[in-house]
Amino acid sequence: MSVTLLESTYRQYSQPMLAYLLRLTEDLDQAQEIWHETFLLALQQWPQKPPENPPAWLKITAKNKFIDKYRHHKMTREKVQQLVSEQQEATDELTDTQFGDEQLKLIFTCCHPALEFDKQVALTLNTVAGLTTAEVAQALLLSQKTLEQRLTRAKRKIKQAAIPFVIPEPKHLLGRLNAVLKTLYLMFNSGANQREDTLELQKNACFLVRRLSRLIPHQAETEGMLALMLFHQARQPARFDTSGEIIPLSEQNRALWHPDYITEAHEILKTAMQRQALGVYQIQAAIQGVHCHTKQWSDTDWAEIEALYRVHLNLDTSPVVELNAIYAMSMSRGPECAIAQLKQLEASAALAQYAPFYAVKADISLRLKNIPAAIENFTLAEMFSSSSHEKNHFARQADALRQA
């Protein structure tokens, strides 16, 4: 079995296996330990003899490791006997729907209300989504050191308070919904350009939001997020050229966009808005809807997009939203209007290592005919981007300006 296939298998089965082990151990560290031991054994054995049924092999092996580890000091004889006799559960194939349900259960489990909101999201992204600490830090606009400290404190609190990691009862799901939505949103965004399995990560996040909308129906923000993801996925076929390089929205062939996704997203967003419970994901979906409704870049209604971002800022004053609002204003009223606000945002240092900040500065500098500043900012955008696709794009922009 190739290394690539093993990596794909790890991504595919990590979340449902952790969910399965959490049900057994009710302890996050123990579940992770057994899962890693199980997959280490797979790394050793599968290259020589791949199993016919990988999920069954993983579940049986993990269950046996759990039984061996805790037979004498953590489990009753009755529970051991029960697990030993559960052959059918381990040998059944898991369907896509079951995978989705298992992943959602794990996300709800990790978004434990005993932890602060930001720690819930950080822990879940690292544990469930499988993002590295560097990727989670970038998603949350934190330094990697700060993120690692946050994760350490969260795990310490779990141990000290003996927080049981069990799937919450249905009546408690709604109280964890905001953290779950934030996690899925960041999971989707992290799949934009950062990883080789970009489309897989985004499709999985979209699939989970669709499952979530059925698990807890009639939630405007869940529907708004689903619409937002569908708008983004509609544009996916036009985002990269044949060599894998990024094509910016202004240059995309809109005939390649998925009209069915766009139609579905508009309908879902319309339903969400009618619930009169406005939230940030509905606003973001509305912004993407404006782009997807426009036939060509030059016809984009930037005044409407700017107005939507102003509403967004009333709900969320994050520096990323402020940056997007500034860019929309520069497109609506002219680049000169954005200079003062960009300087103010830069002075806050909140986006000092955020590649899109320098990309926006480069674009505005270019429209102001300040070529040296545009080159400098494209270079900084390349430096701070963690995506090879983005790095190549920004480098090409800077090189083209130097040659011109």
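Please go through segment 134-174 and give me each residue that is in contact (Cβ under 8 Å) with a residue 12 or more places away in the chain, within 18 Å of Ser387 (Cβ to Cβ) and part of a helix (DSSP H, G or I), ordered by number.
Ala134, Glu135, Val136, Gln138, Ala139
How about segment 226-285: which of its residues are closer than 21 Å to Leu186 by Cβ, modelled with pLDDT of 95 or more and among the polar types (S, T, N, Q)?
If the condition is that a residue be closer than 21 Å to Leu186 by Cβ, modelled with pLDDT of 95 or more and among the polar types (S, T, N, Q), then Gln282, Gln284 are the ones that fit.
Which one of the conditions (1) surrounded by fewer than 23 Cβ atoms within 10 Å (Cβ to Cβ); (2) at pLDDT 90 or above; (3) closer than 19 Å to Ala19 by Cβ does Thr146 fail to meet, given that it meets all the rest?
All conditions are met except number (3).
Conditions (1) of a type outside the set (Asp, Glu); (2) touching a strand residue (DSSP E or B) at 6+ places or on another chain (Cβ under 7 Å); (3) in a loop (DSSP other than H, G, I, E, B), marked per residue:
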{"residue": "Leu366", "(1), (2), (3)": "yes, no, no"}
{"residue": "Ala374", "(1), (2), (3)": "yes, no, no"}
{"residue": "Phe378", "(1), (2), (3)": "yes, no, no"}
{"residue": "Ser386", "(1), (2), (3)": "yes, no, yes"}
{"residue": "His389", "(1), (2), (3)": "yes, yes, no"}
{"residue": "Asn392", "(1), (2), (3)": "yes, no, no"}
{"residue": "Ala398", "(1), (2), (3)": "yes, no, no"}
{"residue": "Arg402", "(1), (2), (3)": "yes, no, no"}
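Is there a residue in segment 181-204 that is under 22 Å from Gly130 (Cβ atoms), modelled with pLDDT of 85 or more, among the basic types (Lys, Arg) and in the same structural domain as Pro113 (by TED's automatic domain parsing)?
Taking every residue of segment 181-204 in turn, at least one turns out to be under 22 Å from Gly130 (Cβ atoms), modelled with pLDDT of 85 or more, among the basic types (Lys, Arg) and in the same structural domain as Pro113 (by TED's automatic domain parsing).
Does segment 289-299 contain any residue that is within 19 Å of Leu184 (Cβ to Cβ), in a helix (DSSP H, G or I), touching a helix residue (DSSP H, G or I) at 6+ places or on another chain (Cβ under 6 Å) and modelled with pLDDT of 95 or more?
no
Out of Ala227, Ala205, which single residue is under 25 Å from Thr124 (Cβ atoms), touching a Gly at 6+ places or on another chain (Cβ under 7 Å) and of a type in the set (A, V, I, L, M, F, W, C)?
Exactly one of Ala227, Ala205 is under 25 Å from Thr124 (Cβ atoms), touching a Gly at 6+ places or on another chain (Cβ under 7 Å) and of a type in the set (A, V, I, L, M, F, W, C), namely Ala205.
Looking at Phe378, Phe394, can you tell me which residue is without any contact (Cβ under 8 Å) to a residue 24 or more places away in the chain, within 23 Å of Thr300 (Cβ to Cβ) and in contact with a Phe, Trp or Tyr (Cβ under 8 Å, 6 or more places away or on another chain)?
When all the criteria are applied, what remains is Phe378.
If you scan segment 230-280, which residues turn out to be of a type in the set (D, E, K, R) and either assigned by TED's automatic domain parsing to the domain that holds Ser190 or buried (at least 18 other Cβ atoms within 10 Å of the Cβ) (or both)?
Arg235, Arg239, listed by residue number.
Which members of segment 160-172 meet the condition of being at pLDDT 80 or above and within 18 Å of Leu18 (Cα to Cα)?
Pro168
The values are calculated or read from the model by the stated rules, or taken from the named source; none is laboratory data. A quick note: this is a predicted structure, and the numbers were derived from the prediction, not measured. Cβ: placed from backbone, ideal geometry, glycine included. Neighbour counts: every protein chain shown.
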